[in-house]
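Below is one structure, written out as structure tokens; comments come after it.
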Amino acid sequence: MDPEQLDEFVMGYLKKKGFNGAAKQLQDALHHNNNNNNGTGSSSSFNSTDYHNDPELTKLIRSFSQSENDPTRYRNGYSNLRSWAYNSLDLYKHELLRVMYPVFIHCYMDLVGKGHTQEARAFFNSFRKDHEMIHLRDLQKLEGVLVPSHLEEMEFARSLRQSKVNIKICQYSYDLLLQYLHRTESTLMLGIINEHINFQVYSGQPNSSSDDIDAVTIVGSFQETADHVNQKEIQWGLLEDSLEDRLEKTGSLLTDSEKGQGESKDGDVDDSNKKRSTEIGKQGSSLKKLKKDKAGNATAKVARQETSTVSPAPRVKSELALPVMSTDVEESILEDLRNRVQLSSVAMPSVSFYTFVNTHNGLNCASISHDGSLVAGGFSDSSIKVWDMAKIGQAGSGALQGESDTNDQVAGPNSRRNYTLLLGHSGPVYSATFSPPGDFVLSSSADTTIRLWSTQLNANLVCYKGHNYPVWDVQFSPFGHYFASCSHDRTARIWSMDRVQPLRIMAGHLSDVDCVQWHPNCNYIATGSSDKTVRLWDVQTGECVRIFIGHRSMVLSLAMSPDGRYMASGDEDGTIMMWDLSTARCITPLMGHNSCVWSLSYSGEGSLLASGSADCTVKLWDVTSSTKLTKAEEKNGNSNRLRSLRTFPTKSTPVHALRFSRRNLLFAAGAISKPTS
Amino acid sequence: MSIVPKETIEVIAQSIGITNLSPEAALMLAPDVEYRVREIMQEAIKCMRHSKRTTLTASDVDGALNLRNLEPIYGFASGGPIRFRKAIGHRDLFYTDDREVDFKDVIEAPLPKAPLDTDIVCHWLAIEGVQPAIPENAPLEVIRAPAENQIYQQKDGPLIDIRLPVKHVLSKELQLYFQKIAELTMSKSNPSLFKEALVSLASDSGLHPLVPYFTNFIADEVSRGLNDFLLLSNLMHVVRSLLQNPHIHIEPYLHQLMPSVVTCLVSRKLGNRFADNHWELRDFTANLVALICKRFGNTYITLQSRLTKTLVNALLDPKKALTQHYGAIQGLAALGHNVVRLLVLPNLEPYLSLLEPELDAEKQKNQMKSYETWRVYGALLRAAGLCIHDRLKIFPYLPSPSPSFLNKGKGKIINTEPNKRKLSVDSSSTMQVDKPMGDDNPPQNSVQPSSSGQASDGAPESRNAKEKEGSKGRAITMKAILDQVWKNDLDSGRLLVKLHQLYGDRILPFIPSTEMSLFL
């Protein structure tokens, strides 16, 4: 290539890329050169002749000019990079392989963007297997993208294009990669990597490949936003003056000295609350440590007292005006709390299972009231059916006196209809929820409405219209009156029973919001979404205060620990993740289910987590050991595994709903599915 | 490129009346069609998830179309998942079976039954962490597998679990149940209740934890209560019920169970009273043994061989009591005709010669002894007879004899049946056992000689005729079969002749008349 041509090409390139200013300058420079045959051009600020003399640069430019539009370059470049990465040193391999996925999807999208549909498809199919294990769902989405316009239309593709992937990589791996790219002059790959990957290089040895959850899966711009958001402080403590507190104070569970200490501690924390210092969590934990030491010293300890003292959650004030509880309701709750069975890894709960029969594949959701006596089912034929298990038990067989502490009893085979039919929706009912005393039912439906029903009048009271698309989930707040809903329209909304307009709209999820759950102190709600994240929102301000990233598929269920410190979320693949709310970090994934986790529930004192899944099992997890482990893990840097305590298989009933009653009896519900022959 | 070929686009375009679609347009549309279809599927999967299902249905797709403000596709909704059929000759082409329905049929058909109404049933999935073994819960084997996994998980987890030595915890209910059953088995005072207990043992799903206790109980009681006939009988009934229960895995306990069962079959003395019908118990146990061999013979290959060895040893030991011989013969007979043919028939001649002197009623003074001898003789006759009957039945029927013959033969078999049973079952007196010896069963004998006389000349002829008939169609194969049949017939013939020698006319009731006509 002679200089003239080279000039021309550089000119064309600059113009094509829209660097008009530079092109003009170049032209001027060239003119200048031509005019003053040979000489003073070098003194100008623009060294136009540089690239004529530098062979490296010439080669680079030539490679640009040769194959600007050659689709096979992507394939070759990628497959070379791939085989290099696979043959690299074992120690650094997994880090280098992380780079492959973003490169892969961007190669594919580049090819699509340039209109090489056929090549793009071929490229995609030949390398798809590499990434299927981790990124199957993303690949399925991207697979359909075939023409440039789809890239524009599809939100997922757009967000991929606009954002950078953060990859943590150790210094040596990074050097290796750069060396390789320079040595082989794979400028195309280099370009893609520069354009779409943001390396976070750290010195030292590469990380072990097991804890790569946040290193690989985050694809999207909001990692930074998430980091930023997660800096905000939250008060995860329990409400002050809760019933549990009152019980502790009145119930003479604590010895006098401890009681005194408990009170002083409460005062302490209240002060810090008023200051709204960020230290709250730390203070709580330091207090806890102090307390724990003390607990360790005191030898004569009953297990009951221990559990009540191990996790003294800080107390916070409610930011919502909470409804006033009637005294008899309060009394019954206190009574329940007093009779609560203490559960731990050695004291397992009893599980009562409500099986729906003859649903004809129509049961979409099930819900159990707080005392387990009412069961509601939402059906695809728009109906809601509510069973009063206590009544059925009385009518059927009063012979069972043994379980007098619970209302459930074996239902007698009654010929007449023994449920209440609630009709009003005009689309499949996707969710139902009972108010804490069990006097109201809320239901959400594909007809975009939420309806409030009275279980005493058996009638529809209010219809809440606000969402524009099917409402996937609705949940009463722990104190009633307020409720939260989430929808296909990518918003979650807070409502109160007395207003037909939502009080808050939480927008921010990048896809459907699939499930919603209240924090025990009512100041926050958590939402799980098809964008594979869980977010925590401040109810008062409507702001997103936490983003939890780590799931690999859509989030289907959420549960908050009773002390407000932890949250569990279950996804489509059967993974359950336990999160620390204050740090927004995943404590540990709970693997074990092999199908959708429909439902999660913490036991009353938070020591056990129950999960119900489409694989027809209820599993119990020991969450206290996991949290203890993390502390050990922080010291050791050890990866841990959570303990699955028990698995209760049902005959062939996917578990739709779970609820621990206040007395720690676990209720589960599901529709029996006939095995397809 | 796109998985939707452009031909499909063209076909669809034609079907909706667009005839002048250019190939380029089709080519452009194809990828977009694929994209839209995927988009709809993505939404449909969301609908499926929120309906808490794992199988996509037509209604989910309709829901997705609704989300996109499109009209749903009518006519495909169904209660459950759609059944797809594979198109023959294509690897990945499926279609739904859509039969044409005659309107008349629909109108004339009776109203279908109203579907059952939705209901809730409640059961305990777990009680304090332990799953009760009730019919509502998944059966045991499902439970066992994850339990092992769990132990495994705990092992490699960072938590060190000190695994306590395995402790079998029986719930109070199960303990009560066991006590009750044991009482019933021992008391023998309430037969109707015991019968119900047996039914419960044979059907209840939660009894597996009790199996070791039951086997232990049975072994203990059998060894202790050999003099107590009723107890032994009850115990054997319990064994049978346990074997019948589909929810119990009894294999691991078979080794404990078998000795007691075999004892009840070949013990010298079962019960201490004269009236005790230990013959019946032996027959019952023989069937039990056969049942066990049939069910577990595949998993324990040595089971049957060991069992037959024991039995043959018992049979061939002349020092053993006749009752023991009887049990051994019944046990072997119950195991099948092949066992009898291979193990009993070769020993038949020496054994019978041993038995012969005892059979003579005049010589034998001891009434009891004579009865026992006749018992054994009857059992042996039955075993040999059934064996030869079976052999004759299998082969020579291939070129089927004329229906009248067949009927006659069948009739014979049925006729002989009660007689056999009498031989083995009826215990009231020696009279009936004596009968076959005394006057040779007049009704049967009167028929048989006549039929044999008739057919002795006619049968080969008819067989020849059959052969000719067959040769028209498939001469060669038929011939091969016939050869085989002849050979087998020859074997059976020899056997038959031998048996006839040994038993005289008493074997005749077991032989179908056609064969009799041939061989005798």
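General remarks:
- Total residues in the range B:29-46, condition at the interface with another protein chain (Cβ under 8 Å from one of its Cβ atoms) and either in contact with a strand residue (DSSP E or B) (Cβ under 9 Å, 6 or more places away or on another chain) or at pLDDT 90 or above (or both): 1
- Test: residue in the range B:31-53 that is part of a loop (DSSP other than H, G, I, E, B) and in contact with a helix residue (DSSP H, G or I) (Cβ under 9 Å, 6 or more places away or on another chain): yes
- Qualifying residue in the range A:469-481 (condition: within 14 Å of A:His509 (Cβ to Cβ) and either in a strand (DSSP E or B) or at pLDDT 95 or above (or both)): yes
- Single residue of the range B:52-83 satisfying the filter (more than 15 Å from B:Glu39 (Cα to Cα), at pLDDT 85 or above and within 46 Å of the chain's Cα centre (by Cα)) that is farthest from the other protein chains (Cβ to nearest Cβ): B:Ala58
- For the range A:496-504, the count of residues that are buried (at least 24 other Cβ atoms within 10 Å of the Cβ) and without any contact (Cβ under 8 Å) to a residue 60 or more places away in the chain is zero.
- Some residue of the range A:341-359 being open to solvent by less than 40 Å² (accessible area, probe 1.4 Å) and away from every other protein chain (no Cβ under 14 Å): no
- Filter pass, A:Arg552 being touching an Asp or Glu at 6+ places or on another chain (Cβ under 7 Å) and either in a loop (DSSP other than H, G, I, E, B) or surrounded by 24 or more Cβ atoms within 10 Å (Cβ to Cβ) (or both): yes
Residue by residue, here is whether (1) surrounded by 20 or more Cβ atoms within 10 Å (Cβ to Cβ); (2) modelled with pLDDT under 75; (3) facing chain B (nearest Cβ under 9 Å); (4) part of a loop (DSSP other than H, G, I, E, B) holds:
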position: A:Thr630; (1), (2), (3), (4): no, yes, no, no
position: A:Lys635; (1), (2), (3), (4): no, yes, no, no
position: A:Leu658; (1), (2), (3), (4): yes, no, no, no
position: A:Ala668; (1), (2), (3), (4): yes, no, yes, no
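- Scanning the range A:586-602 for residues that are hydrophobic (A, V, I, L, M, F, W, C) and at the interface with another protein chain (Cβ under 9 Å from one of its Cβ atoms) turns up A:Cys596, A:Trp598.
- You will find that of A:Ser611, A:Ser601, A:Ser582, A:Ser595, the residue that is part of a strand (DSSP E or B), open to solvent by 10 Å² or more (accessible area, probe 1.4 Å) and at negative phi is A:Ser601 and no other.
- In this structure, B:Val106 does not satisfy being under 23 Å from A:Ser344 (Cβ atoms), modelled with pLDDT of 75 or more and more than 7 Å from every other protein chain (Cβ to nearest Cβ).
- Of the residues making up the range A:520-542, just one is under 8 Å from the mean Cα position of the chain (by Cα) and in a loop (DSSP other than H, G, I, E, B), namely A:Lys532.
- When A:Tyr101, A:Tyr74, A:Tyr108 are screened for being within 14 Å of another protein chain (Cβ to nearest Cβ), assigned to a helix (DSSP H, G or I), surrounded by 15 or more Cβ atoms within 10 Å (Cβ to Cβ) and hydroxyl-bearing (Ser, Thr, Tyr), only A:Tyr108 passes.
- Test set (1) open to solvent by less than 10 Å² (accessible area, probe 1.4 Å); (2) part of a strand (DSSP E or B); (3) not hydrophobic (A, V, I, L, M, F, W, C) - A:Gly574 fails condition number: (2)
- Checking each residue in the range A:419-430 for being part of a strand (DSSP E or B) and surrounded by fewer than 24 Cβ atoms within 10 Å (Cβ to Cβ) picks out A:Tyr419, A:Thr420, A:Leu421.
The values are calculated or read from the model by the stated rules, or taken from the named source; none is laboratory data. In this text, all values refer to a predicted model and were calculated from it rather than measured experimentally. Don't worry about glycine lacking a Cβ; one is built from the backbone with ideal geometry, like all the others, and counts go over all protein chains shown. Each accessible area value is taken on the protein alone, full model and side chains, heavy atoms only, with ligands, DNA and RNA left out. Shrake-Rupley method; radii C 1.70, N 1.55, O 1.52, S 1.80 Å.
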